[in-house]
1. Exactly one condition in (1) at pLDDT 80 or above; (2) outside any loop (DSSP other than H, G, I, E, B) is not met by Ile27; state its number.
2. For the structure I just gave you, tell me whether Ala2 is under 33 Å from the mean Cα position of the chain (by Cα) and either open to solvent by less than 100 Å² (accessible area, probe 1.4 Å) or modelled with pLDDT of 80 or more (or both).
3. I'm trying to understand the selection: among the residues of the range 26-54, which are under 26 Å from Val65 (Cβ atoms) and β-branched (Val, Ile, Thr)?
4. Does any residue of the range 10-20 turn out to be surrounded by 10 or more Cβ atoms within 10 Å (Cβ to Cβ) and at pLDDT 80 or above?
5. Give the residue, chosen from Phe60, Phe35, that is assigned to a helix (DSSP H, G or I), at pLDDT 75 or above and surrounded by fewer than 10 Cβ atoms within 10 Å (Cβ to Cβ).
Amino acid sequence: MAKKYQGNIVDDQGKLNTFAVEPTVYIQENPRVGFTEYAEKFNGRAAMIGFASLLLLELFTGHGVVGIFQ
């Protein structure tokens, strides 16, 4: 029979087995992947920064995005 000592298991031969202990599982109450409110806000903010940077690029260079590479 195996005896259990503070998260470790000692078998009949007295060998210590630390791999038999199951890890503690943590579940997030508010997931941060998928179509969540956090993801939608982050995507909107990134789009606003991208759009503003394109406007500034056109303002300072006088060319559009495609015109820069020509």
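1. Going through (1) at pLDDT 80 or above; (2) outside any loop (DSSP other than H, G, I, E, B) one by one, Ile27 breaks only (2).
2. no
3. Once the filter is applied, which keeps residues that are under 26 Å from Val65 (Cβ atoms) and β-branched (Val, Ile, Thr), the range 26-54 yields only Ile49.
4. No: zero hits.
5. Phe60
The values are calculated or read from the model by the stated rules, or taken from the named source; none is laboratory data. These numbers come from a predicted model, not from an experiment. Using ideal geometry, Cβ is built from the backbone for each residue, glycine included, and neighbour counts are taken over all protein chains shown. Accessible surface areas use protein heavy atoms only, side chains included; no ligands, DNA or RNA. Shrake-Rupley method; radii C 1.70, N 1.55, O 1.52, S 1.80 Å.
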